[in-house]
Amino acid sequence: MLLKIKRFIFGDPIPSQVEHHERLNVPLGLAVFASDILSSSAYATEEILLAIAGTSLAVYANQLSMPVAISICVLLAIVVASYRQVIRAYPESGGAYVVSRENLGIFPSLVAGAALLIDYVLTVAVSISAGVAALTSTGLVPQSSKVAFALIFIVLINFINLRGIRESGKVIAVPAYAFMLVMAALIGTGIYQYLTGTAVPLPTPSFVVDGASGAMLPGAIPAMDLALFLVLAKAFSHGCAALSGAEAVSNGVTAFRRPEDVNANRVLVLMAILLSTIFLGLTFLASVYNVMPTHAETVVSQIARAVFGKGHPLYYIIQFSTLTILILAANTSFAGFPRLASLMARDGFMPRQLLTLGDKLVFSNGITLLGFVSALMIILYGADTHALIPLYAIGVFITFTLAQAGMVLFQKRERPKGWRWGLFINAFGAIATGLVAILLAYEKFLEGAWLILVAMPLIILLFYKVKAHYESVWRQLALPSTGYCPVPIEHTVLVLVSTLHRGTIPALEYARTLSNNVEAVHVELNPVATENIKRAWEEWGCGIQLTVLQSEYRSLSEPLLEYLDQVQGRYEHDLVTVIVPEFVTKQWWHSLLHNQTAIALKTLLRYKKGVVVTTVRYFLQE
């Protein structure tokens with residue numbers, strides 16, 4: 001029945017031989033992998049403005065935001081050029097983790113792995129929170145319901161991904177391309193209004209005027225000084241959240257159809273062009289319409305309201321399209337996190353349960369783990385985008401830097417065709433992203449980035465602990481270097497009898513086939529029941545000795561464990577088999593009406609050394 005329910009919810013399993021048919025073409029790949037980086041355009045401009053609005057240069061926020069956005073797009077071009085080299089060199093996928101492992105060593109690869117895993121979790125939390133913010137901006141949903149809606153959306157995206165790659169791609173394709181179209185309509189209409197002089201700027205928020213020097217009005221930007229430089233650096237560091245997701249394609253190359261590297265690189269370039277267009281367009285319109293971030297309404301909502309009016313149908317289409325793309329942007333992490341976790345599990349640094357594909361040809365355990373941790377982050381931070389953003393992007397820039405540094409060594413060692421140009425690109429990219437990583441850590445440290453910088457070493461330590469455990473297990477399970485002959489042992493079989501009934505007899509019969517040294521054990525919890533068993537034992541006990549254990553505190557575990565110690569002490573090489581009789585009901589819900597003593601006993605004895613536990617089942621017919 002449980003299997004039927006699973007098939008109904010998640011669909012029929014997919015055979016391994018059709019795995020290549022489940023891969024993504026360029027249009028579907030763009031929808032799956034670009035959703036994250038495109039969705040960041042919905043809050044990247046807002047983060048730039050918010051960083052400037054809290055300073056004495058608040059009145060210049062809209063004038064300063066455009067140069068900052070352009071510089072971020074230049075950095076994006078550098079990152080994309082560098083990652084094209086990564087995809088060509090490592091078409092089998094793996095991104096920064098594999099590049100670092102192959103070229104820099106184990107520890108740098110674990111740094112990259114920890115940073116990427118954290119970034120994937122934060123991508124889900126930030127995208128979902130920003131999507132809910134777009135929903136609450138319409139006024140249709142109260143702010144107090146943010147966490148509840150965020151958790152519902154996480155469950156939904158988790159469910160979509162558990163159904164399989166192609167199905168998740170098809171679900172995401174429509175809203176992803178719809179978002180591109182509505183952003184084109186919004187930016188195109190806004191620029192048209194600007195060119196025709198019909199654009200009507202919004203009133204300047206009072207907090208901007210009050211936060212500036214008196215009633216100072218925006219004019220020419222002051223000459224560059226230390227204060228202006230620091231403000232620009234802060235705005236740049238906040239806006240770099242736009243680049244999170246650029247690394248996802250390199251981590252999921254194997255999700256594409258053949259030729260994988262060619263299709264992956266096409267998607268990488270297309271998503272960079274689309275992001276730059278939307279990001280620059282929204283930042284420009286924010287300056288044209290005098291938009292500033294507020295707690296109650298997002299920047300995109302204000303731009304759409306200024307361009308179309310709040311009651312216009314296109315306003316609501318834009319808001320719900322933004323909501324959808326932000327919610328589905330989490331899908332990039334659901335595509336990347338399980339693949340990276342599988343690679344690290346293959347190397348022994350993460351649990352083996354994350355290694356293999358499920359019956360829908362997706363890494364089901366990795367998907368479920370990501371959903372759980374992301375939901376926890378949503379609850380801890382109250383689905384507040386601005387509280388989560390300071391934790392964001394540091395990890396991804398660390399991985400950018402490590403990937404490019406690793407590629408520098410790869411280019412020097414392997415010297416593929418055009419390696420000098422590749423070496424220059426990767427070296428320049430490593431320096432640029434490394435400087436940005438330092439800037440992000442500095443600017444966001446007190447805002448919450450310290451938590452990431454503390455968490456990463458702890459996660460890396462956990463990786464080493466997991467690896468040490470697996471190495472210890474294999475060391476202990478390894479075959480001896482010389483021949484080995486089993487040592488003769490005395491085999492004692494204990495049959496646990498709680499009640500003597502028809503289901504007990506097969507267990508006694510089975511015990512007699514294993515050994516001549518068989519004993520039935522009953523723990524007395526009810527004296528009347530014990531007397532009934534003793535009376536019936538002469539006829540139905542199969543000639544097997546019955547031992548009754550007294551239980552002062554009416555507990556099964558303590559007297560049973562003590563008696564097992566006594567039995568094991570009888571012989572130098574003793575193997576004790578404990579047989580637990582169990583009857584199985586015909587209907588699953590019937591089992592709810594009975595004590596699950598067999599399960600409790602098997603769990604209790606699982607970690608008892610030198611004891612084999614087995615169950616003999618008796619199946620009821622009605």
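Does at least one position in region 553-576 carry a residue that is touching a Pro at 6+ places or on another chain (Cβ under 8 Å) and modelled with pLDDT of 85 or more?
No - not one qualifying residue is present in region 553-576.
Going through region 18-70 one residue at a time, which ones are over 24 Å from Ile303 (Cα atoms), modelled with pLDDT of 75 or more and assigned to a helix (DSSP H, G or I)?
Correct list: Val26, Pro27, Leu28, Gly29, Leu30, Ala31, Val32, Phe33.
Consider Glu297 carefully, then state whether it is among the acidic types (Asp, Glu), closer than 28 Å to Ala61 by Cα and at pLDDT below 90.
Taking the combined requirement at face value, the residue satisfies it.
Just checking, how many residues over region 320-337 are surrounded by fewer than 24 Cβ atoms within 10 Å (Cβ to Cβ) and either modelled with pLDDT of 90 or more or touching a Ser or Thr at 6+ places or on another chain (Cβ under 9 Å) (or both)?
Number satisfying all stated conditions: 1.
Would you please list the contacts, defined by Cβ atoms under 8 Å and residues six or more apart or on different chains, that run from a residue in region 249-272 that is in contact (Cβ under 8 Å) with a residue 12 or more places away in the chain to a residue that is assigned to a helix (DSSP H, G or I) and among the acidic types (Asp, Glu)?
Val253/Glu260; Val253/Asp261; Thr254/Glu260
Keeping to region 465-481, report how many residues are closer than 18 Å to Ile106 by Cβ and either without any contact (Cβ under 8 Å) to a residue 60 or more places away in the chain or open to solvent by 100 Å² or more (accessible area, probe 1.4 Å) (or both).
Residues meeting the conditions: 5.
Working carefully through the options Thr585, Thr614, find the one that is surrounded by 11 or more Cβ atoms within 10 Å (Cβ to Cβ), under 22 Å from His491 (Cα atoms) and touching a residue at least 24 places away in the same chain (Cβ under 8 Å).
Unique residue meeting the criteria: Thr614.
Among the residues of region 551-572, is any in contact (Cβ under 8 Å) with a residue 24 or more places away in the chain and of a type in the set (Asp, Glu)?
No: region 551-572 contains no residue that is in contact (Cβ under 8 Å) with a residue 24 or more places away in the chain and of a type in the set (Asp, Glu).
How many residues, within region 487-528, are among the aliphatic types (A, V, I, L, M), within 20 Å of Leu604 (Cα to Cα) and free of Cβ contacts under 8 Å to residues at least 40 places away in the same chain? It would help to see each step written out before you state the result.
Filtering region 487-528 for residues among the aliphatic types (A, V, I, L, M) gives 487, 489, 493-497, 500, 505, 507-508, 511, 514, 518, 520-521, 523, 525, 528.
The next check asks that each one be within 20 Å of Leu604 (Cα to Cα); those that pass are 493-497, 507, 520-521, 523, 525.
So of that shortlist, the ones also free of Cβ contacts under 8 Å to residues at least 40 places away in the same chain come out as 520, 523, 525.
Qualifying residue count for the region: 3.
Matching residues to (1) of a type in the set (S, T, N, Q); (2) under 21 Å from Ala437 (Cβ atoms); (3) open to solvent by 10 Å² or more (accessible area, probe 1.4 Å); (4) touching a Lys or Arg at 6+ places or on another chain (Cβ under 8 Å):
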{"position": "Ile106", "(1), (2), (3), (4)": "no, yes, yes, no"}
{"position": "Val111", "(1), (2), (3), (4)": "no, yes, yes, no"}
{"position": "Leu122", "(1), (2), (3), (4)": "no, yes, no, no"}
{"position": "Ser145", "(1), (2), (3), (4)": "yes, no, yes, no"}
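Starting from region 288-312, take each residue that is in contact (Cβ under 8 Å) with a residue 24 or more places away in the chain and of a type in the set (D, E, K, R) and list its partners that are part of a helix (DSSP H, G or I) and buried (at least 22 other Cβ atoms within 10 Å of the Cβ), counting only C-beta distances under 8 angstrom and pairs at least six apart or across chains.
Final answer for the pair search is Glu297/Ser137.
It is to be established whether one or more residues within region 498-507 are assigned to a loop (DSSP other than H, G, I, E, B), among the aliphatic types (A, V, I, L, M), open to solvent by less than 100 Å² (accessible area, probe 1.4 Å) and modelled with pLDDT of 80 or more.
Scanning region 498-507, I find at least one residue that is assigned to a loop (DSSP other than H, G, I, E, B), among the aliphatic types (A, V, I, L, M), open to solvent by less than 100 Å² (accessible area, probe 1.4 Å) and modelled with pLDDT of 80 or more, so the answer is yes.
List the number of the failed condition for Phe583; all other conditions in (1) at pLDDT 80 or above; (2) out of contact with any Gly (no Cβ under 7 Å at 6 or more places or on another chain) hold.
That leaves (2) as the condition not met.
To keep it simple, each residue is scored yes or no on (1) closer than 16 Å to Leu496 by Cβ; (2) in a strand (DSSP E or B); (3) in contact with an Asp or Glu (Cβ under 8 Å, 6 or more places away or on another chain).
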site: Arg512; (1), (2), (3): yes, no, no
site: Gly543; (1), (2), (3): no, no, no
site: Ser555; (1), (2), (3): yes, no, no
site: Pro559; (1), (2), (3): yes, no, no
site: Tyr563; (1), (2), (3): yes, no, no
site: Pro581; (1), (2), (3): yes, yes, no
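Filter region 44-63 for residues that are open to solvent by less than 10 Å² (accessible area, probe 1.4 Å), of a type outside the set (D, E, K, R) and either more than 33 Å from the chain's Cα centre (by Cα) or under 27 Å from Ala330 (Cβ atoms) (or both) and give the result.
Of everything in region 44-63, those that are open to solvent by less than 10 Å² (accessible area, probe 1.4 Å), of a type outside the set (D, E, K, R) and either more than 33 Å from the chain's Cα centre (by Cα) or under 27 Å from Ala330 (Cβ atoms) (or both) turn out to be Ala44, Thr45, Ile48, Leu49, Ala51, Ala58, Ala61.
Check off (1) under 22 Å from Ala130 (Cα atoms); (2) not in a loop (DSSP other than H, G, I, E, B) for Ala246 and give me the number that stays unchecked.
With respect to (1) under 22 Å from Ala130 (Cα atoms); (2) not in a loop (DSSP other than H, G, I, E, B), Ala246 is out only on (2).
Scan region 565-579 residue by residue and report those that are part of a strand (DSSP E or B) and open to solvent by 30 Å² or more (accessible area, probe 1.4 Å). First the steps, then the outcome.
Keep residues of region 565-579 that are part of a strand (DSSP E or B), which gives 574-579.
Correct list: Leu575 only.
Only one of Met271, Met292 is modelled with pLDDT of 80 or more and outside any helix (DSSP H, G or I); which?
Step by step, each of Met271, Met292 is checked, and only Met292 is modelled with pLDDT of 80 or more and outside any helix (DSSP H, G or I).
Exactly one condition in (1) of a type in the set (A, V, I, L, M); (2) exposed (fewer than 14 other Cβ atoms within 10 Å of the Cβ); (3) over 47 Å from the mean Cα position of the chain (by Cα) is false for Ile544; which is it?
The one condition Ile544 does not meet is (2).
The values are calculated or read from the model by the stated rules, or taken from the named source; none is laboratory data. These numbers were taken from a predicted model, which means no experiment stands behind them. Reconstructed Cβ throughout: ideal geometry from the backbone, glycine too, with neighbour counts over all protein chains shown. Ligands, DNA and RNA are excluded from the accessible area calculation, which covers all protein heavy atoms including side chains. Shrake-Rupley method; radii C 1.70, N 1.55, O 1.52, S 1.80 Å.
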